[in-house]
There are 2 protein chains.
Amino acid sequence: MPRVSQDQLDARRHEILAAARGCFARYGYEGATVRRLEEATGLSRGAIFHHFRDKDSLFLAVAEDDAAAMVTTVRRNGLVQVMRDLLEQARTSDGDTAGWLGSQLEVSRRLRTDPAFAKRWAERSAAIAEATRERLERQHEAGVLRDDVGVEVLTQFLELAYDGLVLHLATGRPAGELSRVLDVVEEAVRRP
Amino acid sequence: MPRVSQDQLDARRHEILAAARGCFARYGYEGATVRRLEEATGLSRGAIFHHFRDKDSLFLAVAEDDAAAMVTTVRRNGLVQVMRDLLEQARTSDGDTAGWLGSQLEVSRRLRTDPAFAKRWAERSAAIAEATRERLERQHEAGVLRDDVGVEVLTQFLELAYDGLVLHLATGRPAGELSRVLDVVEEAVRRP
């Protein structure tokens with residue numbers, strides 16, 4: 001059997017993640033059967049589960065990748081911008097965003113029903129909250145934020161709006177006035 | 001076979017709904033098996049499904065009852081008060097509220113995956129939005145609301161916060177500063 005380098009392993013792992021993300025987005029967690037994951041990746045189940053212990057681990061890896069991307073965007077542009085991007089994607093997507101949002105809801109469902117998953121996920125979730133808090137603290141120092149309410153409360157206010165947006169879009173409800181709603185959200189944390 | 005009056009049928013239906021609500025709250029939709037529904041109601045599956053076509057119909061009837069109760073509270077005290085009540089229940093409950101919230105999430109999941117369910121649910125969902133809108137319009141006429149943003153946008157802002165609260169609590173996350181977050185939400189729709 002030929003030796004495989006770490007770079008090759010990493011590249012293969014990355015390919016599997018990208019294909020699996022599309023598959024989860026299209027079919028949802030439960031609909032993304034092992035057969036469909038094989039088709040999406042072009043690999044056998046043996047090859048897939050050489051890299052990820054099982055479908056659960058694969059799903060978690062995709063969700064963690066998404067969370068890491070979200071942390072990057074929050075650091076750069078803030079959680080309200082993440083929400084605006086999400087809304088824009090929902091408006092223009094061919095259904096894949098709804099699938100991605102479905103995965104977000106699937107994460108939520110499993111947080112509730114699966115303590116082991118909840119424990120693994122807690123760290124990621126904390127990283128997003130931390131990035132939001134740090135950005136708000138910088139804005140607070142810059143005098144942009146309202147100062148009659150603590151940064152922690154404002155952080156949790158933005159997270160509440162984010163969760164609401166995820167639930168709204170994931171359930172396929174129309175965007176309605178959400179763009180202007182996000183203006184109200186943004187304004188509510190700023191100095192009047 | 002003895003004749004059964006409409007009053008008796010209604011009373012029996014009401015009993016089944018109450019017992020099923022507790023069962024769905026405790027075990028979630030999927031965990032509330034027909035056997036557990038039999039135990040909870042003290043009736044055979046034949047008797048239960050004489051009143052409700054199937055488990056789906058029973059779940060929908062419970063969810064519709066909850067939605068009707070919510071419309072009443074919104075009319076009387078507003079959607080923010082519904083949120084405060086929900087938060088208080090989550091703080092003090094022995095887990096049943098989390099179960100009820102789980103049912104709310106289950107409604108959300110099925111809205112996404114089951115078009116027939118979504119169609120049946122749309123009417124209920126619209127009734128809650130309508131009650132919220134009517135109350136905001138009365139407050140607008142009373143000069144309590146901010147007037148730089150339309151009532152429709154403010155209605156959808158409150159719904160976004162409500163959805164966020166449902167997702168937050170249903171996933172078992174700690175209440176944190178949510179009580180003060182709801183102050184921020186309430187203040188954001190009022191005249192400064």
Worksheet item: Is at least one residue of the stretch A:4-15 touching a Phe, Trp or Tyr at 6+ places or on another chain (Cβ under 9 Å) and either farther than 27 Å from A:Glu159 by Cα or surrounded by 16 or more Cβ atoms within 10 Å (Cβ to Cβ) (or both)?
Response: yes
Item to complete: Could you check B:Gly46 against (1) closer than 21 Å to B:Ser5 by Cα; (2) open to solvent by less than 40 Å² (accessible area, probe 1.4 Å); (3) not β-branched (Val, Ile, Thr) and say which number it fails?
Response: (2)
Worksheet item: When you go through (1) hydrophobic (A, V, I, L, M, F, W, C); (2) farther than 23 Å from A:Glu64 by Cβ; (3) at pLDDT below 90 one by one for A:Val184, which number turns out not to apply?
Response: (3)
Worksheet item: Looking at B:Ala67, is it at pLDDT below 85, more than 11 Å from chain A (Cβ to nearest Cβ), part of a helix (DSSP H, G or I) and open to solvent by 20 Å² or more (accessible area, probe 1.4 Å)?
Response: no
Fill in: Among the candidates B:Ala61, B:Ala47, residue that is part of a helix (DSSP H, G or I) and either at pLDDT below 90 or within 18 Å of the chain's Cα centre (by Cα) (or both)
B:Ala61
Worksheet item: Which residues, taken from the stretch B:142-192, are assigned to a loop (DSSP other than H, G, I, E, B) and of a type in the set (A, V, I, L, M, F, W, C)?
Response: B:Ala142, B:Val144, B:Val149, B:Ala175
Worksheet, complete the sentence: Residue set B:Leu136, B:Leu101, B:Leu178, B:Leu86; condition within 12 Å of chain A (Cβ to nearest Cβ), open to solvent by less than 30 Å² (accessible area, probe 1.4 Å) and at pLDDT 75 or above; output residue B:Leu178
Discussion item. For the stretch B:163-175, give me each residue that is buried (at least 24 other Cβ atoms within 10 Å of the Cβ) and in contact (Cβ under 8 Å) with a residue 24 or more places away in the chain.
Written reply: B:Leu165, B:Leu167, B:Leu169, B:Ala170
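The values are calculated or read from the model by the stated rules, or taken from the named source; none is laboratory data. All of these numbers come straight from a predicted model, not from anything done at the bench. Cβ coordinates were reconstructed from backbone atoms using ideal geometry, including for glycine residues, and neighbour counts include every protein chain displayed. For accessibility, only protein heavy atoms count, side chains too; no ligands or nucleic acids. Shrake-Rupley method; radii C 1.70, N 1.55, O 1.52, S 1.80 Å.
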